[in-house]
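Below: one structure, written as structure tokens.
The values are calculated or read from the model by the stated rules, or taken from the named source; none is laboratory data. Since the structure is predicted, the reported quantities are computational estimates derived from the model, not experimental observations. Quick reminder, even Gly has a Cβ in these numbers, built from the backbone with ideal geometry, and neighbours come from all protein chains shown.
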Amino acid sequence: MNYWLLSSGKDGELWPTFWYEKVIAVGWSSLGDLRRYRTRDEMKAAFAKAYPGSTPKAIGNNVSQVWGFFQRLQKAEIVFVRSYGAIIGIAEIQGDYEFLSEGNDLRKRLYSPFFKESFCHIRRVRWLSLWGGLKQNMTFTRLTLMP
């Protein structure tokens, strides 16, 4: 079983929606429904078009995170949701990857003004933790998703 660490948006802005809707989500909405990509290389090419000006390193890092959310997360695995230096939620993956299309009400609530896009790639979860923070004396990576 894998354990994952996931960001809840800039300053935890998406946390309340994650909690109440029993989902976790990532952005990069310009990629559209991830099920259309058969390989990481296809996704990398699409990412380069959708996010012009991205460096090869940024493309590789971001695609690794999106691909992991889409392909590597499995049912029953555990995700620690973070904001700053705190774990604010612990979830068990319950569902397969879902894409929230334009106009979807949940997609609208998962919009980030900071990133100027929707976090439209979701997984249904069961929360194992109570609402609140588990303070850690450490600095977490800035990556959105990591095993």
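Take the range 76-99 and flag every residue that is touching a Lys or Arg at 6+ places or on another chain (Cβ under 9 Å) and closer than 28 Å to Asp41 by Cα.
Val79, Ile93, Gln94, Gly95, Asp96, Tyr97, Glu98, Phe99
For the range 33-53, give me each residue that is closer than 23 Å to Leu5 by Cα and surrounded by 13 or more Cβ atoms within 10 Å (Cβ to Cβ). Give the derivation first.
To start, the set of residues in the range 33-53 that are closer than 23 Å to Leu5 by Cα comprises 33-35, 40, 43-44, 47.
Those that are closer than 23 Å to Leu5 by Cα and surrounded by 13 or more Cβ atoms within 10 Å (Cβ to Cβ): Asp33, Leu34, Arg40, Met43, Lys44, Phe47.
Is it the case that the range 21-40 has a residue that's within 13 Å of the chain's Cα centre (by Cα), at pLDDT 95 or above and charged (D, E, K, R)?
No: the range 21-40 contains no residue that is within 13 Å of the chain's Cα centre (by Cα), at pLDDT 95 or above and charged (D, E, K, R).
Collect the residues in the range 10-25 that are surrounded by fewer than 22 Cβ atoms within 10 Å (Cβ to Cβ) and small (Gly, Ala, Ser), keeping them in residue-number order.
Gly12, the sole residue that qualifies.
Among the residues of the range 111-119, is there at least one that is closer than 17 Å to Trp4 by Cβ and modelled with pLDDT of 90 or more?
Of the range 111-119, the ones closer than 17 Å to Trp4 by Cβ are 119.
Those still in the list that are modelled with pLDDT of 90 or more too: 119.
Yes, there is a match, as at least one residue in the range 111-119 is closer than 17 Å to Trp4 by Cβ and modelled with pLDDT of 90 or more.
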